[in-house]
Amino acid sequence: MERVIGIDLGTTNSCVAILEGDTPVVIPNRGGYKTTPSVVAVTEAGKRLVGHIAKRQAITNAENTVYAAKRLIGRKWNSPQVKNAIMTSSYTIVEGPHADVRIKLRDKTFSVPEVSSMVLQEMKIVAEDYLGEPVKKAVVTVPAYFNDNQRQATKDAGAIAGLDVIRIINEPTAASLAYGYGKDMDRTVAVYDLGGGTFDVSILEIGAHGVFKVISTTGDTFLGGEDFDARIIDWLVTGFQDDHGIDLRQDRMALQRLRDAAEKAKCELSGVRETEINLPFIISTGRNEALHLQRTLARPTLEKLTEDLVERTVDICKQALADAKLDVSEVEDVILVGGMTRMPAVQTAVTGYFGREPNKSVHPDEVVAMGAAIQGAALVQDRRDMILLDVTPHALGIMTFGSNFEELIPQNTTVPTSRTKVFTTSRDDQTAVKILVMQGESKRADENELLGEFILTGLRRAPKGHVEIEVTFEINTDGIVSVHAKDMENGQAQSIQVTATSGLTQDEIKNMMTNAQDYLVERRVDEHFEAAKQEAETLIAEIERLFPEIERVVGSADFGRDAIAKARTTVERTRSAIDSKDTGLVKEQVDQLSRTQRMFKGVVSRG
Amino acid sequence: MSTNDRPSMNVHRSSTPPDDAPLESWDDETETVPGLDLDDPMNEFDRVTVIPDLPPDLYVQRVMESVNDSRIPIPIPGDTIAAITERLLDPEQYFTLDSRPPALPPSQGARDLDLELYFDDLGSPGAFTDAASSSLAEMKDRYAMGDFSGALVIAEGILDAHPDDLEAPRYVRSCREVLTQMYSARLGSPDQVVSIAVPADQIRWLTLDHRAGFLLSLVDDRITLDQLLDISGMTRLDALRIVFQLMEQRVIALG
Ligand SMILES: Nc1ncnc2c1ncn2[C@@H]1O[C@H](COP(=O)(O)OP(=O)(O)OP(=O)(O)O)[C@@H](O)[C@H]1O
Ligand SMILES: [Mg+2]
C-alpha cells in the first residue's frame with residue numbers, strides 16, 4: 001500500500017507525520033526535533049540551508065534568509081499583504097512576470113512556491129530517511145482562510161518538491177480530525193491555534209461521517225510566538241543598556257544570540273518557574289575585552305511582559321464566536337494547537353474565557369500534521385467514513401449592478417455542488433453582459449477576489465429588467481469551478497472554467513521541478529564526493545607520514561625509488577582528481593592509495 | 001610570562017589533569033606550527049602563519065602553485081625550490097620575521113633571506129620612498145616568506161587607503177585562499193562534530209572576543225564544523241581562524 005505523509009507547512013515551523021498501523025506518528029528530523037523551522041537561506045558560498053541551521057543564521061545573514069514565506073504564497077504583487085511584507089522583510093521581494101511575487105536570494109530569484117518547496121522537500125527527506133523508501137504522495141494543510149490561489153500555490157510547491165499533493169485540508173480541520181480520530185462524535189469545538197507567527201481561532205462543527213465544518217475562522221497573521229520572544233529581547237536589551245550603556249541591537253551577532261536565547265527561555269518557562277539567560281562575550285568593548293549578559297527571568301515577569309498579547313488572542317476568540325453566531329457556552333470542547341499554547345498563561349486565559357479546561361489529549365505542535373496523515377491514509381485506503389468532505393473555503397458569486405456581490409454558493413458548502421440563479425439586464429437595450437466571477441464574504445464586490453470574467457453577447461434589445469439570464473455555478477470533486485450563463489429566451493450561452501492560479505505557469509512549474517530534482521542529485525553527489533575525498537585525504541596523510549621512513553628503509557635501491565616516485569604520482573593524481581571534483585576518479589585513486597599504503601606499511605614493518 | 005597576561009590559557013591548562021593524554025598530543029601538535037607558542041606574550045596569534053603537516057617540498061610546491069594561480073608574476077628558477085624550502089621553513093628566520101615585524105625593517109628581512117634573487121620583480125624594497133609603496137613591498141615580502149596573515153593585513157590596509165590599487169586585490173585573494181586552505185587542513189574533515197571542551201561555568205573566565213563568543217554559542221554538540229562555518233555570519237577565513245584558535249586553546253574539540 002502506498003504511504004502518504006501528512007505535512008503541516010507552518011509559517012514558522014513545519015511538521016511531518018505518517019499513519020503507522022492505526023496510530024499517527026510524527027517523524028523527527030535528523031537533529032531529533034519533531035518540527036523543522038520553515039526557514040530557507042543561501043550562504044555566502046551559495047549553499048542552501050533549510051530548517052534549524054537556517055534559523056540559527058537568520059539574523060547574521062538576514063538579507064538571504066527567507067522566513068514566513070507562507071504569508072506571501074499565492075498572493076498578487078499588488079496585494080496589501082505583499083506591500084506590507086516588502087516593508088517588514090529583511091529579504092528582497094521583487095515582482096514576478098505574472099504580477100506574482102519573487103524573492104531574491106544572493107544572485108538568484110525564486111518564486112514563493114519554490115521557496116516553500118524547499119521546506120516541503122526537506123520534510124519529504126525526513127520522512128524518506130525514516131521510512132527507508134521514497135515518498136510520493138502527501139496531504140498538506142493550509143489555514144482555513146486561504147483562498148483558491150493560495151491553495152493552488154501550496155499544491156504547486158508540493159509538485160516542485162516532487163510530491164503529489166493528493167489533498168489540501170484546513171489546519172483546524174486536521175487538528176479536529178486528529179482529536180476526533182477513532183471517536184464518533186457530534187459536537188461544536190473551538191480550535192485555538194497560537195503558532196510562531198500567526199494566530200487563528202476556528203469554530204468547527206464535527207458531525208457523523210466525517211463532516212467537519214469550519215463555521216468561522218478569525219485571526220491575526222502577525223501575532224505569535226515571535227512577538228513573545230521580542231518582548232523578552234526588549235527586556236534584555238533595556239537591562240543591558242542600563243547596566244553598560246551599550247545597545248546590543250547594533251550588533252547582529254548579539255541580536256541573533258538574544259533571539260535564540262529569548263525563545264529558549266520562553267519555552268523553558270512553560271515547564272519551570274525561573275530560568276537563567278547566560279550569554280558570555282555578547283559584545284566587545286575594545287581590544288580583548290568582552291561583556292557578558294547574565295539575567296534570571298521568572299515566569300511572572302514573562303507573563304507581565306506579554307500580558308497584552310495573550311489578551312489580544314482572547315479578543316479574537318470573542319470575534320470568532322460572534323462570527324459563528326454562537327455563545328461561548330455552546331462550545332463543547334477547546335483544542336489547543338501551536339507551540340505557544342504550551343505557555344501556562346495562555347492555557348489559563350483560554351480556560352478563563354471558554355469556562356472549561358482545554359482538551360489536552362493531543363500534542364499542540366504535532367496535531368495538525370497528524371490529522372493530515374490520518375486523512376492521507378484514509379484517502380489511499382478509500383475509507384469513506386474517514387474521508388473529509390471538502391467544503392468551499394469562501395463564498396462564490398458574481399458582481400451585480402452597483403458593485404454589489406451576489407452570492408451563489410455560500411462558504412462551507414460541501415462539494416461537489418451546483419447552484420443556479422436568474423439575473424436580469426440593468427440597462428435599456430443592453431445587448432451584452434459581463435459576468436465577473438468572485439470569491440469572498442463581503443457584500444461589496446471590490447472587497448472580494450476576482451477569479452475570472454467572461455462576456456455573454458447577443459441579448460435581445462429590451463427595456464432593463466426584461467431579459468433574463470440564468471447563471472449556474474458548479475464545483476466538481478476536484479474543486480474546479482465552472483460558471484455558465486444563458487440567455488433564457490434565445491438560448492445563447494457562454495461559460496468559463498475557473499482555475500485557481502498560484503501565479504506560475506505549468507512550464508515554470510516543470511522547470512522548477514527539474515531544478516529541485518537537480519539540487520537533490522547534486523546534494524547526493526556532493527555527499528558521495530565528500531566521502532571519497534575524505535577517504536583519499538586520510539590515506540594521503542598516512543602515506544606522506546610514511547615517506548621519510550620509506551626513504552630511509554629503501555635507501556638508494558632503484559626499485560625503492562621507483563616505488564616512491566609512483567606513490568608520489570598517485571598522490572598528485574588524487575589531488576588533481578579532488579580538485580576537479582570528479583567522484584569516480586577520486587574513488588579510483590582511493591584504490592591505488594590503499595594499495596600504496598599497504599605496501600608502505602609492509603615495508604616499514606619489515607625495515 | 002605572567003599568568004595575568006593570558007588568563008584564558010592558564011585557567012584552562014591548570015584545569016586539565018597533567019596525566020591527560022590529549023593534552024600531550026596537543027603539545028606535540030603545537031610544535032609543528034612554527035612560531036605558535038601560546039605562552040609567549042609577544043606572540044600575536046593572528047599573525048602567525050600556520051604551516052600544514054606536509055612534507056616541506058610539497059608545501060612549497062603548493063605555495064608556489066597558489067602564487068601561480070593568482071597570476072602574480074614571480075619567476076621560479078626550477079632548481080631553487082629546495083633552497084627556498086630550506087629557508088622558508090627555517091623556524092628561526094621564520095619566527096623572527098613573523099612575530100616581531102616592526103623591529104625588523106621588511107626590506108632587511110627580505111635581504112636576509114636573499115629573496116630578491118628569486119623574486120626580483122619585487123624590485124629593491126629600499127628603493128621605495130613613500131608609505132604606500134613601502135607597505136606594498138612589505139606585503140610582497142611577507143607573501144614571499146609565507147606570512148600570509150601578515151601580507152593579508154597589509155594588503156587589506158592598502159585597499160582601504162587606495163581602493164583602486166591593482167596589485168593588492170590579487171594578494172588579498174591569494175592570501176585568503178592559501179590561509180583558508182591552511183586552516184582547513186589543520187582543522188581536518190568538515191564533517192567533524194564540534195563540541196565545547198570547557199565546563200559551562202568556566203567559559204566566562206576565558207579571554208575571548210564577541211565573535212569567538214558568538215561561534216561558541218552556536219556549538220551544540222551536534223553541529224558539524226562545516227555547518228558552524230556556514231552559519232558563522234563571517235567570512236569563511238575569519239570563522240576558520242577563530243575556530244582554529246578556539247581549538248588550540250582547547251575551548252572546543254573536534255571529532
Ligand atoms: N514549550 C513551549 N513553551 C512556549 N512556547 C513554545 C514552546 N514550544 C514551542 N513554543 C513556541 O511555539 C511557536 C511555534 O509554534 P508552531 O510550531 O505551532 O508554529 P507554526 O505552526 O509554524 O506557526 P504558525 O501557526 O504561525 O504557522 C514558537 O514561537 C515557539 O517558540
Ligand atoms: Mg501552525
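Here are some notes:
- Partner shielding of B:192-204 amounts to 1, given as the average count of beta-carbon atoms from other chains within 10 Å of each residue beta-carbon.
- Across A:Lys34/A:Lys70; A:Lys76/A:Lys510; A:Lys108/A:Lys264; A:Lys55/A:Lys510, pairs whose alpha-carbon gap is larger than 24 Å: A:Lys108/A:Lys264; A:Lys55/A:Lys510
- Stretching A:Lys183 away from A:Arg444 to a fully extended chain increases their span by 89.8 nm, per 0.36 nm per residue minus the current alpha-carbon distance.
- The length gained by stretching the chain between A:Ser576 and A:Arg30 to full extension, at 0.36 nm per residue less their Cα-Cα distance, is 193.2 nm.
- Under 5 Å from the amide H of A:Asp365 lie the amide H atoms of A:Gly338, each residue being 5 or more positions distant or on a separate chain, with H modelled from the backbone and absent for Pro and chain starts.
- Averaged over peptide B:205-217, the number of partner chain Cβ atoms lying within 10 Å of each residue's Cβ comes to 6.
- Mean Cα-pair separation over length for the stretch B:188-254, i.e. relative contact order, pairs under 8 Å, 6 or more apart, %: 49
- Summed residue charge, Cβ within 10 Å of A:Gly219's Cβ, Lys/Arg positive, Asp/Glu negative: -3
- Percent RCO, i.e. relative contact order, over the stretch A:126-264, from Cα pairs under 8 Å lying at least 6 residues apart: 15
- About its Cα centre, the dipole of the stretch A:262-306 is roughly 80 debye, where the only charges are +1 on Lys and Arg Cβ and -1 on Asp and Glu Cβ.
- Under the span-like rule (Cα at least 30 Å along the axis, Kyte-Doolittle mean at least -1.0), DSSP H helices of chain A: A:299-324, A:506-554, A:558-579, A:583-606
- Residues A:Met253, B:Met234 in ascending order of nearby Cβ atoms (within 10 Å, fewest first): B:Met234, A:Met253.
- Residue-averaged 222 nm ellipticity for chain A, from DSSP H runs of 4+ at -39500 (n - 2.57), nearest 500: -13500 deg cm²/dmol
- Taking other Cβ atoms within 10 Å as a rough exposure proxy, A:Cys15, A:Cys317, B:Cys175, A:Cys267 sort from fewest to most as A:Cys267, A:Cys317, B:Cys175, A:Cys15.
- Model label points for A:Gln534 and A:Ile86, set 7 angstrom from Cα along the Cα-to-Cβ axis, are 4.6 nm apart.
- Going from the residue with the fewest nearby Cβ atoms within 10 Å to the one with the most, A:Met370, A:Met399, A:Met599 rank A:Met599, A:Met399, A:Met370.
- Separation of alpha-carbon centers, the stretch A:426-440 and the stretch A:267-295, rounded to whole Å: 65
- Size of electric dipole in the stretch A:396-498: Cβ of Lys, Arg +1 and of Asp, Glu -1, about Cα centre, debye, nearest 20: 260
- Distance between the C-alpha centres of the stretch A:557-603 and the stretch A:187-213: 65 Å, rounded to the whole angstrom.
- Counting, for every residue in A:254-267, the Cβ atoms of other protein chains within 10 Å of its Cβ and taking the mean gives 1.
- With a Förster radius of 51 Å applied to the C-beta separation of A:Leu585 and B:Asp160, the computed FRET efficiency comes to 0.75.
- Computed from the Kirkwood radius of its Cα pairs, the Stokes-Einstein diffusion coefficient for chain A at 10 °C and 1.306 mPa s stands at 57 µm²/s.
- Mean separation of Cα pairs under 8 Å and 6 or more residues apart, divided by the residue count, gives chain A a relative contact order of 13 percent.
Laboratory data are not the source of any read-out in this text; all were calculated from the coordinates shown. Fair warning: this is a prediction, and the values are worked out from it, not measured in the lab. Because the Cβ atoms are built from the backbone with ideal geometry, glycine has one as well, and the counts that use them run over all protein chains shown.
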